[in-house]
Structures are given as C-alpha cells and as structure tokens.
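Chemist: Below are the structure tokens for one structure; questions will follow.
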Amino acid sequence: MDYSIYEILQTIRMTEMENLDIRTVTMGVSLTDCADRDINRVCDNVQKKLLGYAAKLVPTVNEISAEYGIPVANKRLSVTPLAQVGAACENRDYVKLARAVDAVAQEIGVDFVGGFSALVHKGTTKAEDAYFEALPEALAVTNRLCGSVSVATTRVGINMDAIKRLGHTLREMAAKTAHKQGLGCAKFVIFANPVEDNPFMAGAFFGAGEPEVTVNVGVSGPGVVAHAVKQAGDCDLGELAEVIKRMAFKITRAGELIGREAAKRLNAPFGIIDLSLAPTPLVGDSVGEILQYMGLEFPGAHGSTAALALLTDAVKKGGVMASSYVGGLSGAFIPVSEDHVMITAAHNGALTFDKLEAMTSVCSVGLDMVVIPGDTPPETISGIIADEVAIGVMNSKTTAIRIIPAPGKKVGEMVEFGGLLGRAPVMAVNTFKCADFIRRGGRIPAPIQGLRN
Amino acid sequence: MNDEEIIYQITRAVYRKLGQFADRSLVEDLVTDIFRSIQPALGDISPPSIPTTDLTATPGSSSNRAVISIFGQDGPGIMAAVTHVLAEARCSIVDINQTVLRGKFAMLLVADLSNLNGTLADLQLRLKTEASHLGVRAFVQREDLFHSMHRV
C-alpha cells in the first residue's frame, strides 16, 4: 500500500477530531464590465454576471467536499470594489447596488459576498464620497454583504482624512444596527496594504489586477496545529517551529487540492491558497489554545507576541513549501470574539487592548472582532484605526481593523453576535483624548521603506 | 457552446436522420429553421450576462481511485460486506491492508473507480449504511488527498 495506516489515520483524525476544514472556497468575479450610466442596469448586469459564473458554486463545492471527506465550511463570492462599479452612474445609489448584490448572493446560496469596498488610500473620488454616505445604511439593510476600505499603503502613506471620517462612520454603522449589538461593524474591515485575492471575510474584494474570474481557497486548522504542538511535548522552540511547519504543509496541500478541483469543475482558473489559522468559537478550533500549548497561561501574558511571531512565521514557511500559489493573508488570525480562549483572556484581564495591538504587529491581520464601549468618541476610534494602519504601513504588511463600538455597552459587559462571529466582552480603550491630532487630517507621507525603486 | 457549434451539431443530427445523400438545400433549410426557432431560448450571449465558459460540464476528478477506511470493533462479515458493495458498484480492489489490534478492526482499501457504476456519492452512502449495520465506521475519500498531504 502506498500510504501507511498512520498517514490515513492522521488525515481522518484531522477532519473528524481536530476540525480541519477548508474554511472557504471564494469565487472572485470581476464586475468592471457591468458599469452603466443607469443604476438599474448596473444592478441587472451584476446579478446576471454573478449568476452566470457562480450558479453552480455551492453544489459543486459540496460535491467535492463529500468526495474528499474534508468539510468546506463556507462558499463565498468576492467582487470588484463596488464603489468603482457604481462610479459611472448618474444616480450613485450604492444602497440599491448593495441590495442587488445581497439578493443574488442569497439566490446563489453563498454565505457571504465581499466587495462593498473602496480603495481610498491616497484620496477619495466623488463616487467614493457617495459610497461613504451609503456605507452604514448599505450594511444595515443587507445580510450577506461585507465591506472594506483601504486607507493606507506603504507606497503612498496614510489617508488621515478618510480615517477621521471612518470614526464617525463606524459609530453610525453601529447605531443603525443597534438592535443587533452593532453587527454592521462586524461586516466591515478597514485595511492598510490590503491584498487583492483574500478569500476570507469580511475583508475579501476582487482587486483591479485580477482576471475575469478565479477560485481562491482559504484553509484553516488551528485544532490540527494545537494537537501537533501538544503532542510535541517538552521540546525547544526551534523544534516546535518545525512541528508547526510540517503541519502547515499538510493542511496547505489538502487545501490546494480542493481548490484546484473546484476551479477545474467550475471552469475557472485557480487563484491562490490562503493558509490562515482562523479560529471559530468551538473548543478545539482556537489559535489561543495553540499559544497555551506553547506555554502561555493565557494569550496576553508577556511572551505572547514572541509566541505568535513564531506561529505566524512557521505557518507561512510550511505553506510556501507546499504550494507555489500561497497568497491572501496567510498566517494566524487573532479575532477576539471568534476564539474561546481569547474571549476568556479578554474577560479575565489577561488580554488588554494594548497588548492585543502589540500582537497584531506579528499576526497576519490586525485588530479583529474587538468590541469597545458604545460611547467611544469617533476621534478615539479614528486614533485606534490610525495606530493599527501605521503598524502595517511601517512594516510593509497588511493590517486590518474590525472593531465594534457596541451601542449602550460598557466595559466588561458581554456582547453576543452568535454563529461564527461568537461573543466578546467589551474591552477598555484608553480614555485620554487624541481629537486634536485626528482633526488635523491630511495624508501621512509614505515611509522611507516605501521608496524601494 | 457558441452559435457555430450549435449549427454544426444540428446539421450533424439532421444528416444522421436523413442519411448521407439527403438533399443539401433541404438540410440547409431545416437547419436554418431549427436554429431560428431555438435562438431566443439561447438568450443574450453578449457580455456581461453570460460567461464564455461552459458551466454545465462536470469533468471528472483527477483521481480515479478512492481510499476506503473501515474502523471499529472486529466482527464476522465486515470484509465480505465491503467487498460485496464494491463488486456491485463495479469497483476493482487495487490494494488492501487489514489489521486487528486489541480487538479493534482497521481495514484500508484502495479501489479503482474507473468503471464505477453510479456516482461516488452513491458508493459512499452504500458503504456507510453497510458499515453502520455492522457497527463500524467507514470513510471513503479520493486517493489524491493522501498523496497531496503526505508526499512531497
């Protein structure tokens, strides 16, 4: 036999007991050719095009999942930033466009569609001004649509005018979904250095350099890595990195196989595989658990940033060895509300907001699913965003912010979102003011490391 | 399928019915009529409404083999039941490995699906149903998964 009993058992154990899954198969579709002067025709074009390419996405992926015995948790779409798609319209009714995309996503049966997005890292166009106006309403009246905004890159610097505006936008977004604890904000990400082929939500969009259509895959598996780290026992950290790398290799290989098979059956080119340890609220599917098995009492303890740096790097190295098309964000996600160990750590005081920010300098995303008091001033929210994107810009990496100023909630109260979004305690933010700094606006110049030509 | 291909397929079908020596102008008339009558149903094929790729095709997987793993309490008839299902589905057994460890039964079997009778989903269902009757667990997975994960 070509495979040992051990290898076959290991594969089955990964899927059956350690929650290895393909987190998402995300079909990216370019909508640039759907533009029109008439918003109704844009909506019509977009719906026809998405149905044309993605009508069979869900059944096809389900079929592959059954054949390989690997669960595929989500089927999703990512589209060209809709701020650009609707830019040519005389009546820039972005809420209407949002509703149209949401409706077709429901018809196709995908879990989410990402791309209610705008790229404003150097400045906003008139169309993007209309997009910003529509943003809180659009995410409040839709269910499956996710949005994102790029406000900074290492090449151009940081658009502080947009960040100033987003402080108010997030408060408004939370207010419009107050009956759902501010859920609108959970579907919205602010980026520095965003990637154009990210399959994960809420930050997926289909970038300008992408082809007509591709299939991108996001693989997860914190449970598998946690088990391997636990089994490794009392070894030194170099050996531990090797153990994580080997496991990341296997997970990536499984993901690429599923992705290529899906691309073949859907007659679309395969794009990238994003290997990101992305937790869910389930026990045994947690990045925090990995940090605990590495030797921390809780994430947030001193040593957490170093442990996370080792983990993120080993995951990337294993992934790169396994596939030539590793892309997206690839690394480790540390959302608070979606990881039961992180929730406990935030609740018992081990994990503070400031330590979390430090950890994001070495994780693959940023401040993710962090709940802050509902009365946090917009300028303070802008300050949080500016700090996080500065980390990304100065380190030439992607950073993201998905924070929820939960209406009416105070520090320590628990906020429930349900499902994959989980639950989180409201974390304390620094209450000293930064309003005068934010009010200055303008664009923080690109750092010297951006000038690499 | 583009218009030219559709016309070609219709022409072939007409010749097949009428024979090689059918009147050429009659065939041309028939093909034109048929194509005109079905054309509205083909819909608007101008961009961006319909993708150029044929999404109705479902090409097979790259692997024609499956790894079947059976685990559970040992008992009589497990091997017989599994091989019976495989024979019915016209799957040949390429490799087989069976061990009993402290009363626990583990059987790994590689089956060739080239002549599979029905879909892989059917075979999975039949094996899982049979396994549950016997009190064991069955996993049926395409073989290339193991190759991808465990071989560089």
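Chemist: Among the residues of region A:410-445 satisfying the criterion of being of a type in the set (Phe, Trp, Tyr) and assigned to a loop (DSSP other than H, G, I, E, B), which is surrounded by the most Cβ atoms within 10 Å (Cβ to Cβ)?
Modeler: Restricting attention to region A:410-445, the residues satisfying the condition of being of a type in the set (Phe, Trp, Tyr) are A:417, A:432, A:437.
Now narrow it down to the ones that are assigned to a loop (DSSP other than H, G, I, E, B): A:417, A:432.
Working: A:PHE417: 21, A:PHE432: 7.
The residue in question is A:PHE417.
Chemist: Further question on the same structure: Pairs, please: C-beta under 8 Å, at least 6 apart or cross-chain, first residue acidic (Asp, Glu) and in region A:383-409, second assigned to a loop (DSSP other than H, G, I, E, B)?
Modeler: Listed by first residue and then by second, the contacts come to A:GLU388/A:THR360; A:GLU388/A:GLY366.
Chemist: Conditions first: (1) closer than 30 Å to A:ARG13 by Cα; (2) within 14 Å of another protein chain (Cβ to nearest Cβ). A:ASN74 passes all but one, so which condition is the exception?
Modeler: Evaluating A:ASN74 over (1) closer than 30 Å to A:ARG13 by Cα; (2) within 14 Å of another protein chain (Cβ to nearest Cβ) leaves (2) as the failure.
Chemist: Also: Can you tell me which residue in region A:389-402 is farthest from the chain's Cα centre (by Cα), limited to those that are assigned to a helix (DSSP H, G or I) and surrounded by fewer than 23 Cβ atoms within 10 Å (Cβ to Cβ)?
Modeler: The residue in question is A:MET394.
Chemist: Can you tell me how many residues within region A:56-69 are at the interface with chain B (Cβ under 7 Å from one of its Cβ atoms) and either under 24 Å from the mean Cα position of the chain (by Cα) or of a type in the set (A, V, I, L, M, F, W, C) (or both)?
Modeler: Residues meeting the conditions: 1.
Chemist: Yes or no: region A:88-110 includes at least one residue that is touching a strand residue (DSSP E or B) at 6+ places or on another chain (Cβ under 8 Å), buried (at least 21 other Cβ atoms within 10 Å of the Cβ) and not in a helix (DSSP H, G or I).
Modeler: Within region A:88-110, one or more residues are touching a strand residue (DSSP E or B) at 6+ places or on another chain (Cβ under 8 Å), buried (at least 21 other Cβ atoms within 10 Å of the Cβ) and not in a helix (DSSP H, G or I).
Chemist: How many residues, within region B:95-116, are surrounded by fewer than 17 Cβ atoms within 10 Å (Cβ to Cβ) and either under 17 Å from A:ASP2 (Cα atoms) or at pLDDT 90 or above (or both)?
Modeler: Final tally of qualifying residues: 7.
Chemist: Can you tell me which of (1) surrounded by 15 or more Cβ atoms within 10 Å (Cβ to Cβ); (2) in a loop (DSSP other than H, G, I, E, B); (3) at pLDDT 90 or above is the one B:VAL67 doesn't meet?
Modeler: The one condition B:VAL67 does not meet is (2).
Chemist: Find all pairs meeting these conditions: Cβ atoms under 6 angstrom apart; at least six residues apart or on different chains; first residue within region B:87-115 and away from chain A (no Cβ under 11 Å); second residue of a type in the set (Lys, Arg).
Modeler: Partner pairs satisfying both residue conditions: B:ASP112/B:ARG65; B:ASN115/B:ARG90.
Chemist: Given the options A:ILE272, A:ILE258, name the one that is within 14 Å of chain B (Cβ to nearest Cβ) and buried (at least 21 other Cβ atoms within 10 Å of the Cβ). Spell out how you get there, then give the answer.
Modeler: On the way: A:ILE272 fails: within 14 Å of chain B (Cβ to nearest Cβ).
Result of the check over A:ILE272, A:ILE258: A:ILE258.
Chemist: Out of B:VAL152, B:VAL136, report the one residue that is aliphatic (A, V, I, L, M) and closer than 19 Å to A:ILE5 by Cβ.
Modeler: Only one candidate qualifies: B:VAL136.
Chemist: Can you say whether A:GLY209 is farther than 26 Å from A:ILE12 by Cα, free of Cβ contacts under 8 Å to residues at least 12 places away in the same chain and either buried (at least 23 other Cβ atoms within 10 Å of the Cβ) or not charged (D, E, K, R) (or both), as far as the supplied structure shows?
Modeler: Against the criterion (farther than 26 Å from A:ILE12 by Cα, free of Cβ contacts under 8 Å to residues at least 12 places away in the same chain and either buried (at least 23 other Cβ atoms within 10 Å of the Cβ) or not charged (D, E, K, R) (or both)), A:GLY209 does not qualify.
Chemist: While we're here: Do you know which of the residues in region A:190-205 that are farther than 24 Å from A:ARG165 by Cα and not acidic (Asp, Glu) is surrounded by the fewest Cβ atoms within 10 Å (Cβ to Cβ)?
Modeler: In the first step, residues of region A:190-205 are kept if they are farther than 24 Å from A:ARG165 by Cα; the result is A:197-200.
Still in the list and also not acidic (Asp, Glu): A:198-200.
Details: A:ASN198: 31, A:PRO199: 33, A:PHE200: 29.
So the residue we want is A:PHE200.
Chemist: Further, regarding this structure: Residues being outside any strand (DSSP E or B), β-branched (Val, Ile, Thr) and touching a Lys or Arg at 6+ places or on another chain (Cβ under 9 Å): count how many of those fall in region A:363-388.
Modeler: 4
Chemist: Can we say B:ALA131 is crowded, with 21+ Cβ neighbours inside 10 Å, in the same structural domain as B:GLN73 (by TED's automatic domain parsing) and either touching a residue at least 12 places away in the same chain (Cβ under 8 Å) or within 16 Å of the chain's Cα centre (by Cα) (or both)?
Modeler: Details: crowded, with 21+ Cβ neighbours inside 10 Å: yes; in the same structural domain as B:GLN73 (by TED's automatic domain parsing): yes; either touching a residue at least 12 places away in the same chain (Cβ under 8 Å) or within 16 Å of the chain's Cα centre (by Cα) (or both): yes.
Considered against the rule, which asks whether it is crowded, with 21+ Cβ neighbours inside 10 Å, in the same structural domain as B:GLN73 (by TED's automatic domain parsing) and either touching a residue at least 12 places away in the same chain (Cβ under 8 Å) or within 16 Å of the chain's Cα centre (by Cα) (or both), B:ALA131 comes out as yes.
Chemist: Could I ask something else about it? So A:THR124 fits all but one of (1) within 22 Å of the chain's Cα centre (by Cα); (2) of a type in the set (Val, Ile, Thr); (3) part of a loop (DSSP other than H, G, I, E, B); what number is the exception?
Modeler: Tallying (1) within 22 Å of the chain's Cα centre (by Cα); (2) of a type in the set (Val, Ile, Thr); (3) part of a loop (DSSP other than H, G, I, E, B), A:THR124 fails exactly one: (1).
The values are calculated or read from the model by the stated rules, or taken from the named source; none is laboratory data. Predicted model only: the values in this text are computed from it and were never measured. We place every Cβ from the backbone using ideal geometry, glycine too, and count neighbours over all the protein chains shown.
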